[in-house]
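Trainee: Sharing a structure with you now.
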Amino acid sequence: MRRSSAHPHATWVRCRACGAGFYPAQRRCTACGAWDQLDDEPLPRAGSLFAWTVVHVAAADPPLPVPYAVGYVDLDDGPRVLGPIAVDGDPETALRSGQRLTLVPHDPADDVPFHLEVAA
Amino acid sequence: MSATSERTVAIRGVGTTTFGRQPGETDRSLAERAVQLALADADLDPAAIDAAWIGNVTGGQLGGQMSALGQLALRPFGVGGLPVTRLENGCASGSVAVRSAYLAVATGQADVALAFGAEHMTAAPTPLAIEVLAGASDLEAEARFGITFPGVFGMIARRHMEVHGTTPEQLAAVTVKNRANGARNPIAQFDQAVTVDDVLGARRIASPLGLLDCCAISDGAAAVIVVAEHLARPGDPRIAASAQTSSDFEPFGEMTGFALTRRAAEEAYAQAGISADDVDLAEVHDCFTIAEILHTEDLGFCEKGAGGPFVEEGQTARDGLVAVNPSGGLGARGHPVGATGCAQVAEAVLQLRGDAGERQVDGARVALTHTLGAFVHGAAANCALHVLVAA
Ligand SMILES: [Zn+2]
């Protein structure tokens, strides 16, 4: 699995012309048609868990130890993004839909741009 | 967009290899066998083929044959010179190959067009196959975070349970039905019946889905020979509709169904001049148990949210209101991904000709095939749908 993004970690883009936001990043604004008016913005750091699963059989790459939780989170005033969810203990019992999560950005050198944690 | 054909299009022959783990074969050797079977079924000389499309997804990464798979598989038939195209549209590749053949014949570009599909996936270590298949999601925003295809449908299953009250037993009913159908299909990967308890007790793959909620990695090939009306024989089924849609990247919504399936069905029913009630049997993309439940809703066989009770009550059994996956579907027949669309159409043809043996759906006159490919941003990326009618 080799593909990364042309944009910085844990960002989405917002249109200078009309204010619409897009994730993952793109160059054209779908809402107003403007080109090259989209600026990188940090993803919001908090949101609510929309859908989730616990993966027990993983791909060769990324080589994650199983089981691990992954889910879509609706970021506050932001997009719905998929990310790995770090939990203490058994992820099957630690998560529930609607739960508040925190988005934690990773170092630019890391293959994975961010992860999610259960909010304190 | 209307795709009403200029010419009536029929299917004159089909062929499907055995599906399942076949260590001595390759995608190329399986494709060669499927074409042989389809030509024999059609009683046509290979020289009659005007153009060909082959569906293949993982061959480049798992087998290494990046290009020319179709040309190489057809070489033994001595039909060099014709246009041959390899087609990759995720797990819908074989269906889009059928659609390409259909369009070529409908528009008069070909009188005989071959659609085939082949995949050999079991030689690779399973984690590698899972990685390659996860490449059918958005690598930037999805796959690199560790989501797998079972994981995607695990999330959808949990959503459907939360929103519509679907139960694990209802998911299991899909596998029980499809394995029972597969037990009557000589080419099926799985020919053993299973119980609801077997499905519920299987080891977890991606919660809430277990091993028996998931189709398996598979090897196989299938071929379909599409002809203009003047080359059809009495009894050859006709293609009454062909529709293809992509994700429109609308917001995820409830993530409990696929808008692109609903749009493709609406278009196909209009082309064929039928409604969902007219469909006698449907081969649908049950890559996971929850998927079949969504499709029965999105294709209009039951109301949105009612797909769980619909299968549990036997309405999708071979003798039910609409027979769904009488072949056993992806779950039991198997899912060598590029071959699946052609295998679905092959099953529809056998059913409409009355040639489906022990799994024959009584009085089958109208058949639907539905295939999805890839998954991006909460929705499938491709959908291809065909309606076939008996002669
Ligand atoms: Zn804009």
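The values are calculated or read from the model by the stated rules, or taken from the named source; none is laboratory data. This structure is a prediction, so every number in the text was calculated from the model and none was measured. We place every Cβ from the backbone using ideal geometry, glycine too, and count neighbours over all the protein chains shown.
Trainee: Might you let me know whether region A:39-48 holds any residue that is surrounded by fewer than 18 Cβ atoms within 10 Å (Cβ to Cβ), polar (S, T, N, Q), under 16 Å from the mean Cα position of the chain (by Cα) and within 16 Å of the ligand (Cβ to nearest atom)?
Mentor: Within region A:39-48, none of the residues are surrounded by fewer than 18 Cβ atoms within 10 Å (Cβ to Cβ), polar (S, T, N, Q), under 16 Å from the mean Cα position of the chain (by Cα) and within 16 Å of the ligand (Cβ to nearest atom).
Trainee: Consider region B:1-28. How many of its residues are outside any strand (DSSP E or B) and in contact (Cβ under 8 Å) with a residue 12 or more places away in the chain?
Mentor: In the first step, residues of region B:1-28 are kept if they are outside any strand (DSSP E or B); the result is B:1-8, B:17-28.
Filter again for in contact (Cβ under 8 Å) with a residue 12 or more places away in the chain, leaving B:1-8, B:17-23, B:25-28.
Counting residues in region B:1-28 that are outside any strand (DSSP E or B) and in contact (Cβ under 8 Å) with a residue 12 or more places away in the chain gives 19.
Trainee: Given A:A59, A:A17, which one is assigned to a loop (DSSP other than H, G, I, E, B) and crowded, with 21+ Cβ neighbours inside 10 Å? Can you show your working first?
Mentor: Values: A:A17 fails: crowded, with 21+ Cβ neighbours inside 10 Å.
That would be A:A59, the only listed residue that is assigned to a loop (DSSP other than H, G, I, E, B) and crowded, with 21+ Cβ neighbours inside 10 Å.
Trainee: Further question on the same structure: Taking B:R86 as the residue in question, decide whether it is part of a strand (DSSP E or B) and in the same structural domain as B:L62 (by TED's automatic domain parsing).
Mentor: Details: part of a strand (DSSP E or B): yes; in the same structural domain as B:L62 (by TED's automatic domain parsing): yes.
The answer is yes for B:R86.
Trainee: What is the one condition in (1) of a type in the set (V, I, T); (2) modelled with pLDDT under 95; (3) farther than 24 Å from B:A10 by Cα that B:V79 does not satisfy?
Mentor: (3)
Trainee: All but one of (1) more than 16 Å from the chain's Cα centre (by Cα); (2) more than 16 Å from the ligand (Cβ to nearest atom); (3) assigned to a loop (DSSP other than H, G, I, E, B) hold for A:G33; which doesn't?
Mentor: Looking at each condition in turn, A:G33 falls short on (2).
Trainee: Ok, one more. Check B:A193, B:A228 and return the single one that is more than 28 Å from B:T58 (Cα to Cα) and not assigned by TED's automatic domain parsing to the domain that holds B:A367. Show your work before the answer.
Mentor: On the way: B:A193 fails: not assigned by TED's automatic domain parsing to the domain that holds B:A367.
Step by step, each of B:A193, B:A228 is checked, and only B:A228 is more than 28 Å from B:T58 (Cα to Cα) and not assigned by TED's automatic domain parsing to the domain that holds B:A367.
Trainee: Quick one: which of A:P62, A:P84, A:P79 is within 11 Å of chain B (Cβ to nearest Cβ), under 18 Å from the mean Cα position of the chain (by Cα), touching a residue at least 24 places away in the same chain (Cβ under 8 Å) and within 16 Å of the ligand (Cβ to nearest atom)?
Mentor: Values: A:P62 fails: within 16 Å of the ligand (Cβ to nearest atom); A:P84 fails: within 16 Å of the ligand (Cβ to nearest atom).
None of the others qualify; the one that does is A:P79.
Trainee: I'm told B:L133 meets every condition in (1) outside the structural domain of B:E292 (by TED's automatic domain parsing); (2) farther than 19 Å from A:A60 by Cα except one. Can you identify the failing condition by its number?
Mentor: Unmet condition: (2).
Trainee: Right, something else. Confirm whether B:T148 is more than 7 Å from chain A (Cβ to nearest Cβ) and either farther than 25 Å from B:C342 by Cβ or crowded, with 23+ Cβ neighbours inside 10 Å (or both).
Mentor: For B:T148, the condition - more than 7 Å from chain A (Cβ to nearest Cβ) and either farther than 25 Å from B:C342 by Cβ or crowded, with 23+ Cβ neighbours inside 10 Å (or both) - is not met.
Trainee: Filter region A:1-30 down to the residues that are more than 16 Å from the ligand (Cβ to nearest atom) and of a type outside the set (A, V, I, L, M, F, W, C) and list them by number. Walk me through it before giving the result.
Mentor: Initially, region A:1-30 is screened for residues more than 16 Å from the ligand (Cβ to nearest atom), giving A:1-11, A:24.
Scanning region A:1-30 gives A:R2, A:R3, A:S4, A:S5, A:H7, A:P8, A:H9, A:T11, A:P24.
Trainee: OK, next. Taking region B:271-309 only, how many residues are within 23 Å of B:T167 (Cβ to Cβ), crowded, with 20+ Cβ neighbours inside 10 Å and not hydroxyl-bearing (S, T, Y)? Before you say what the answer is, go through the steps one by one.
Mentor: In the first step, residues of region B:271-309 are kept if they are within 23 Å of B:T167 (Cβ to Cβ); the result is B:282, B:284-309.
Keeping just the survivors that are crowded, with 20+ Cβ neighbours inside 10 Å gives B:282, B:284-299, B:301-302, B:307-308.
After this cut, where a residue has to be not hydroxyl-bearing (S, T, Y) as well, the list is B:282, B:284-288, B:290-295, B:297-299, B:301-302, B:307-308.
So the answer is 19.
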